[in-house]
Amino acid sequence: MQKLESVQSGFVYMGRLSYNSDLLDSLSEVCRERGVTLGRIEAIGALRGARLGYYDQKSLEYKYLTWDKGLEITSLMGNISIKDGEPMVHAHLTLADEEGRTFGGHLARGCPVFACEFILRVYSGPDFVRSHDTQTGLPLWS
Ligand code: ZN
């Protein structure tokens, strides 16, 4: 076990994002505005297009897949912690197309919202701070 801490549930926010806002930027902005540095986020809705990351474990780089069409957000799940002194939303999502086919990945910038309802659960507890992990190349909790 690399890191294990006890956290306590606090406020829960429910909200809806604006049409055409960027999904990752908007969720990050909510956290910054409300001072949320530890928590959990979930959302459903639809996107006008999508850009998802896939982390290549050999090259230690993200590869990105993009879609320029409407997709359902069947599930978005993520956490909020601290990176470079700011709240960082790390989320993964599953999307569905017009035939119900699903695919998913790491939420990246470039996902314009069609409609999105989210629930943000704020936790209190020790800081979870991300820093560069040499083994994976990822910014992980240290
Ligand atoms: Zn990820």
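The values are calculated or read from the model by the stated rules, or taken from the named source; none is laboratory data. All values derive from a computational prediction rather than experimental measurement. Every residue, glycine among them, receives a Cβ derived from its backbone with ideal geometry; neighbour counts consider all protein chains shown. Remember, those area values only see protein heavy atoms, side chains included, never the ligands or the DNA or RNA. Shrake-Rupley method; radii C 1.70, N 1.55, O 1.52, S 1.80 Å.
Residues in the range 50-67 carry Karplus couplings, in order, of 8, 9, 10, x, 10, 8, 7, 6, 8, 7, 6, 9, 6, 10, 10, 10, 10, 9 Hz; the curve used is 6.51 cos²θ - 1.76 cosθ + 1.60 with θ = phi - 60°, and Gly or Pro positions show x. Computed from label points 7 Å out along Cα-Cβ, the spacing between Glu61 and Ser9 is 4.2 nm.
Over all pairs of distinct alpha carbons, what does the Kirkwood formula give as the hydrodynamic radius of the chain, in Å?
Details: mean 1/r = 0.0635 Å⁻¹.
Result for the chain stands at 15.7 Å.
Using a Gaussian network model of the chain in which every pair of alpha carbons under 10 angstrom is joined by a spring, one finds that among Glu99, Glu29, Glu72 the greatest mean-square fluctuation is at Glu99. Highest GNM mean-square fluctuation among Gly70, Gly53, Gly85, for the chain modelled with Cα contacts below 10 Å: Gly85.
Which of the three applies to the range 37-113, rounded, prolate or oblate, going by the alpha-carbon gyration tensor with a ≥ b ≥ c and a/c under 1.5 meaning rounded?
Numbers: a/c = 2.11, a/b = 1.34, b/c = 1.57.
Note, shape of the range 37-113 comes out oblate.
Normalised by residue number, the volume inside the convex hull of the Cα atoms of the range 74-142 is 120 Å³ per residue.
If you take the beta carbon distance between Ala46 and Glu86 as r and set R0 to 25 Å, what does 1/(1 + (r/R0)^6) give as a FRET efficiency, to the nearest 0.05? Could the numbers behind the result be given before it?
Numbers: r = 28 Å, r/R0 = 1.11.
Computed FRET efficiency for Ala46 and Glu86: 0.35.
Where a ≥ b ≥ c are the square roots of the eigenvalues of the C-alpha gyration tensor, would you call the range 5-80 rounded, which needs a/c under 1.5, or, failing that, prolate if a/b is larger than b/c, or oblate? It is oblate, given that a/c is not under 1.5 and a/b is not larger than b/c. Atom-type composition of the exposed protein surface of the chain places 50 percent of the accessible area on carbon and sulfur (1.4 angstrom probe).
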